[in-house]
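Working notes, beginning with the structure itself.
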Amino acid sequence: MSDEDEKWQRRLERERSARQTAERLLEEKSLELYLANQELRTFAAHLESEVDDRTAQLRRALSERELLLKEVHHRVKNNLQIIASLLGMQTDVHSATPLREVLLDSIYRVRAMALIHEQLYSRDDLSSIELGAYTESLARTLVGALEPRADLKLDTELITVPIGTALPCGLILNEVIANALKHGRSADGRCRLLITVLARDADLVVSVVDDGPGLREPWGKGANRSLGTRIIQALARQLRARIQTSEGPGFRFEMRLRVDTSTEIETVG
Ligand SMILES: Nc1ncnc2c1ncn2[C@@H]1O[C@H](COP(=O)(O)OP(=O)(O)O)[C@@H](O)[C@H]1O
Ligand SMILES: [Mg+2]
């Protein structure tokens, strides 16, 4: 064998052994990768089942919390109804005195609040109410109590408002509707009422119109500023609502709320 051949032979040997070493290394690394992959798969499966368990736990906790919240609203409504009944018993005691009217007004206010809680637990969403449906219920309850022969018309849109807006709105509506039924009788002795709850641009617009004699003095001033009006003014300030009234013939009350982050209006349909 010539020197040249031997050189080639050695070189071939070196290359063969280098390839064998590389192949062994590759095999080892492949095995390591395979094992790591297996470990990752087991870990991922474990993680997935842990996430599933946690999600199921959270779902259970959430529905328990919702049930509890419903129960709380139910109880608040029942307690408010008990207060209204107790006040009702007192009206019997004071049936022949001016206190009777004061007690009755308080009963309507308590009932208006109870109705908010009733609407809250009857909906899936426990933090807001549908103002149109609420207003209709409230108006029908007041008509039944104060003027069953009244001609009541409602024009309401599906508007949901958070409880923080619904409660003052409900109390304001209670005062205005009760006033229309008490003081808004027309010359023929009938009481005709139109109540609207609408969304206009970003505003919630609520109005109550009757065709009675109207006010003797400007709204919210002088003799017209008794407790009911003061309640309306205080709650409207709290809601940052604008009130407009117009008279003759009849009386029209309109309240507009600008939508901001504290009074989300969500119109459906
Ligand atoms: N829709 C209405 N039609 C005629 N008069 C009204 C109407 N709403 C309110 N008023 C007048 O404004 C007054 C003040 O109303 P309010 O503060 O609610 O007190 P109350 O209803 O207890 O008398 C009423 O006594 C009545 O004279
Ligand atoms: Mg009043």
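Database remark: amide H of residue 129 closer than 5 angstrom to the amide H of 161, 163 (H placed geometrically; neighbours at sequence offset of 5 or more, or on other chains; Pro and chain starts carry no H). Entry note, the range 127-269: relative contact order of 27 percent, from Cα contacts under 8 Å with a spacing of 6+ residues. Taking amide H as placed 1.01 Å from N in the peptide plane, the amide H of residue 204 sits under 5 Å from that of 257, 259, each at least 5 places away or on another chain. Pairwise Cα distances in the range 1-132 exceed 25 Å in 67 percent of cases. Relative to the longest principal axis of the Cα atoms of the chain, the long axis of helix 131-146 makes an angle of roughly 30 degrees. The stretch between residue 55 and residue 153 holds 30.5 nm of extra length on full extension. This uses 0.36 nm per residue minus the Cα-Cα distance.
Computed as a quarter of the hull surface, the mean projected area of the alpha carbon convex hull for the chain stands at 25.5 nm². With Cα atoms as the point set, the radius of gyration and Dmax of the range 127-269 evaluate to 14.6, 46 Å.
Amide H contacts for residue 154 (H built 1.01 Å from N in the peptide plane; partners 5 or more residues away or on another chain; cut-off under 5 Å): 195.
Separation of the range 194-217 from the range 1-48 is 86 Å, based on Cα centroids. Sorting the segments 89-99, 123-133 by their residues' average number of neighbouring beta-carbon atoms within 10 angstrom, most packed first, yields 123-133, 89-99. Against the chain, whose longest principal axis comes from its Cα atoms, helix 163-183 is set at around 20 degrees.
Find how much the distance from residue 247 to residue 82 grows on full extension, using 0.36 nm per residue of separation minus their present alpha carbon separation; answer in nm with one decimal.
Values: separation 165, 0.36 × 165 = 59.40 nm, distance 3.81 nm.
The residue 247-residue 82 span can extend by a further 55.6 nm.
Along the range 239-254 the Karplus relation, 6.51 cos²θ - 1.76 cosθ + 1.60 evaluated at θ = phi - 60°, assigns HN-Hα couplings of 7, 6, 9, 9, 10, 10, 10, 9, 10, x, x, x, 9, 10, 10, 10 Hz to successive residues, with x for each Gly and Pro.
Laboratory data are not the source of any read-out in this text; all were calculated from the coordinates shown. Because the structure is predicted, anything quoted here is derived from the model rather than measured. Cβ atoms come from the backbone with ideal geometry, glycine included; neighbour counts cover every protein chain shown.
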